[in-house]
Amino acid sequence: MRTTWTFSSAGQIIFGSGAVGQLPDIVSRLKLNRVLVVTDARLVEAGLCDQVTTLLKDRGTFKIFAGGEPEPSLRVAETCISEAREFRPDGLIGLGGGSNLDLAKITATVLAHGGSPRDYLGEDKIPGPIVPLICIPTTSGTGSEVSASGVFTDEENHIKAGAMSNYLRPAVAIVDPNLTLSCPRKVTADSGIDAMTHAIEAFTAVDNSTFPLPPGEHSLYQGRHPLGDCLAEKAIAIIAKNLPTAVENPQDLAAREAMSLGAMLAGLAFSNVGVALVHALEYPVGGATHCSHGAGNGMLLPYVMRYNLPGREREFARIAQLLGEDTAGMSDKQAAERAVVAIEKLNKKIGIPARLRDLGAKREQIPEFATKALGITRLIRVNPRVPTMSEMVELLEAAY
Ligand SMILES: NC(=O)c1ccc[n+]([C@@H]2O[C@H](COP(=O)([O-])OP(=O)(O)OC[C@H]3O[C@@H](n4cnc5c(N)ncnc54)[C@H](O)[C@@H]3O)[C@@H](O)[C@H]2O)c1
Ligand SMILES: [Fe+2]
């Protein structure tokens, strides 16, 4: 039985509209002279890359890698790394959604420790500090700016694969909600429901005191603990209240600010407590259908919530309240069910598909999804109920 828990974050968080203006000071403080900015063509086009590089003009040399892509493949990671090796930066800036931030993380890792991205997939494979990394998110979703993970598409094995290590937490996270104003509707919705999934999976995870960790094994995810709960509860309420507005009215700065905060709080929660069955299922589903991580998670979320209800009625009843449901006079069981319905309503409102088939999945892929998801032990063991193969197939059939 575990009796202690820990909490880790980015080295420093700088939050608020206009926060990116502090970049020159941060670059000086970290004593960076050659900076590689890892981003993508859409952010160059949207003018966000210029906004950042203008701030670097009098601070030594910089180079832009704009080859990032959504749900980055290991191949793109190799390309970014080979350009980085040529340039020999002493620091990196990840600018973008989770995809670019993760690309910057793995590049900073390989620059520091050699080898190739595959060497670092899995848990705790990074032997020491990585090249100093500043992460500047332009979506409100993944929490990668504070998290200990980097996620990639393994095209050979048709699955998403992650690297997890506290060394992947950025030295500095600059969270400037202004940078999310240009986020297209679908990206806002998908990344926002990903953040909601992080918070719900953290709030309903297995308890830290009963976390099923075999002797001698180490896990970054530790199960539910009091600090994780504080962060997750707040994140759920903030995201529920503001996500529909941010989707409907992209220029609403107050909603964007709230979403940036909510997503970051959810990132702090899940990156210590854990994410579970939704994410385990999204890895093979996303790998096969190429849906966005957020759309896959959002679609799967209500089905997994329903499966998890029996062991976590009190928590789901609380989630219903946080989602704005009136649960007065209801039993925990009734209120818990309202949480699932509230997520279904939210999904519908923001345009998240309701069924696996809508993502392009084929019915005959279900056994493969179930087998692959069950194989991701580091996520499955965080789930409050441990599913059997036949329960997984049943869940996926219901979702199909
Ligand atoms: N590292 C982690 O802890 C973690 C957690 C969850 C998810 N992820 C990963 O993050 C990725 C998803 O990241 P995401 O949801 O942030 O989306 P994303 O980074 O994939 O971006 C999606 C698209 O939106 C564009 N975009 C982003 N911000 C924009 C802006 N402000 N204006 C205009 N266009 C913008 C991007 O250029 C891209 O084309 C997935 O690969 C997922 O697996 C990582
Ligand atoms: Fe996620």
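Given the options GLU86, GLU325, GLU344, state which has the largest fluctuation in a GNM of the chain using a 10 Å cut-off (strictly under) for Cα springs.
Maximum fluctuation in the GNM of the chain, among the listed residues, is at GLU86.
Please get the size of the charge dipole for region 160-237, origin at its Cα centre, with Cβ charges of +1 on Lys and Arg and -1 on Asp and Glu, quoted in debye to the nearest 20.
So the dipole magnitude of region 160-237 works out to roughly 220 debye.
When all alpha-carbon pairs of the chain are counted, what percent fall beyond 34 Å?
23
With just the Cα atoms of region 3-51, tell me how far they stretch along each of the three principal axes, in Å, largest first.
Principal extents (largest minus smallest coordinate, Cα): 50, 26, 22 Å.
Among the trypsin sites (Lys or Arg not before Pro) within region 37-85, which fall in a DSSP loop and have no more than 15 other Cβ atoms within 10 Å of their own Cβ?
Filter output for region 37-85: LYS57.
Over region 316-385, one equal point on each Cα, no solvent: what is log10 I(q)/I(0) by the Debye formula at q = 0.18, 0.20, 0.26, 0.28 Å⁻¹?
Scattering profile of region 316-385, log10 relative to I(0): -0.92, -0.97, -1.00, -1.03.
What nm distance separates the two modelled labels at ARG29 and ASP119, each placed 7 Å from Cα along Cα→Cβ?
In this crude spin-label approximation the distance works out to 3.2 nm.
Compute the distance in nm between two label points, each set 7 Å from the Cα along the Cα-to-Cβ direction, one at VAL393 and one at GLU217.
Distance between label points: 2.5 nm.
Taking θ as phi - 60°, what are the ³J(HN,Hα) couplings along region 209-215 by the Karplus curve (6.51, -1.76, 1.60), each to the nearest whole Hz, with x for Gly and Pro?
In residue order, the calculated couplings are 5, 10, 4, x, 9, x, x Hz.
Given 37 °C and 0.692 mPa s, compute D for region 155-285 with the Stokes-Einstein relation, Rh being the Kirkwood radius over Cα pairs; round to the nearest whole µm²/s.
208
Can you give the charge dipole size of region 44-112 about its Cα centre, rounded to the nearest 20 debye, using +1 on the beta carbon of Lys and Arg and -1 on the beta carbon of Asp and Glu?
Using Cβ point charges on Lys, Arg, Asp and Glu, region 44-112 gives about 240 debye.
For GLY67, enumerate residues with amide H under 5 Å from its amide H, sequence gap 5+ or separate chain, H modeled in the peptide plane.
THR39
Could the peptides 195-206, 281-292 be put in order, highest first, of the mean number of other beta-carbon atoms found within 10 Å of their residues?
Order by mean packing, descending: 195-206, 281-292.
Summarise the long-distance tail of P(r) for region 4-99 by giving the % of C-alpha pairs beyond 20 Å.
It works out to 43 percent of all Cα pairs.
Evaluate the relative contact order of the chain (contact order divided by residue number), counting alpha-carbon pairs under 8 angstrom at least 6 apart; express in whole percent.
16
For region 52-93, report the convex hull volume of the alpha-carbon atoms normalised per residue, in Å³, without decimals.
In region 52-93, the Cα hull volume divided by residue count equals 77 Å³.
Efficiency by 1/(1 + (r/R0)^6): what FRET value for GLU78 and GLN22, r their Cβ-Cβ distance, R0 = 30 Å, to the nearest 0.05?
0.40
As an exercise, use a Förster radius of 22 Å and the Cβ-Cβ distance of ALA41 and ARG357 to find the FRET efficiency, rounded to the nearest 0.05.
Here the calculated transfer efficiency is 0.10.
Where a Cα-Cα gap under 19 Å defines reach, which lysines qualify for LYS186, not counting those fewer than 8 residues away within the same chain?
LYS241, LYS345, LYS348, LYS349
Could you give the angle, 0 to 90 degrees to the nearest 10, between helix 389-399's Cα long axis and the longest principal axis of the Cα atoms of the chain?
Tilt relative to the chain: about 80 degrees.
Relative to a virtual label point 7 Å from the Cα of LYS186 in the Cα→beta-carbon direction, which members of region 333-351 show backbone nitrogen distances below 14 Å?
Residues 351 qualify, since their backbone N sits under 14 Å from the label point.
Determine the gain in length on full extension of the stretch GLU364-MET330; use 0.36 nm per residue of separation and subtract their C-alpha separation, reporting nm with one decimal.
Taking GLU364 through MET330 to full extension adds about 8.3 nm, to one decimal.
For a quick check of understanding: with a 1.4 angstrom probe and all protein chains in place, what accessible area in square angstrom does PHE87 have, to the nearest ten?
My reading of the accessible area for PHE87 is about 20 Å².
How far is the Cα center of region 255-297 from the Cα center of region 35-70, in Å?
25
With an 8 Å cut-off on Cα pairs and a minimum separation of 6 or more residues, tell me the relative contact order of region 1-122 in percent.
27
Compute the acute angle (0 to 90°) between the alpha-carbon long axis of helix 226-248 and the principal axis of greatest extent of the alpha-carbon atoms of the chain; round to the nearest 10°.
It works out to around 80 degrees.
Run the accessible area of the chain with a 1.4 Å probe and give the carbon-and-sulfur part as a rounded percent.
52
In degrees from 0 to 90, rounded to the nearest 10, what is the angle of the helix 74-87 Cα long axis to the longest principal axis of the chain?
Computed tilt is about 20 degrees.
Along Cα→Cβ, 7 Å out, is where each label goes; now give me the distance between the ones at ASN157 and GLN12 in nm to one decimal.
So the two model labels end up 3.8 nm from each other.
Given charges of +1 on the Cβ of Lys and Arg and -1 on the Cβ of Asp and Glu, with all other atoms neutral, how large is the dipole of the chain about its Cα centre, in debye to the nearest 20?
Once rounded to the nearest 20, the dipole reads 300 debye.
Take the chain, connect every pair of alpha-carbon atoms lying under 10 Å apart with a spring to form a Gaussian network, then pick out the residue of LEU323, LEU243, LEU213 with the largest mean-square fluctuation.
The residue with the greatest mean-square fluctuation here is LEU213.
What is the distance in Å between the Cα centres of region 134-152 and region 91-121?
When both Cα centres are located, 12 Å separates them.
The values are calculated or read from the model by the stated rules, or taken from the named source; none is laboratory data. Note that the coordinates shown come from a computational prediction; the quantities given were computed from them, not determined experimentally. Backbone-built Cβ (ideal geometry, glycine too); neighbour counts: all protein chains shown. With ligands, DNA and RNA removed, areas are computed over all heavy atoms of the protein, side chains included. Shrake-Rupley method; radii C 1.70, N 1.55, O 1.52, S 1.80 Å.
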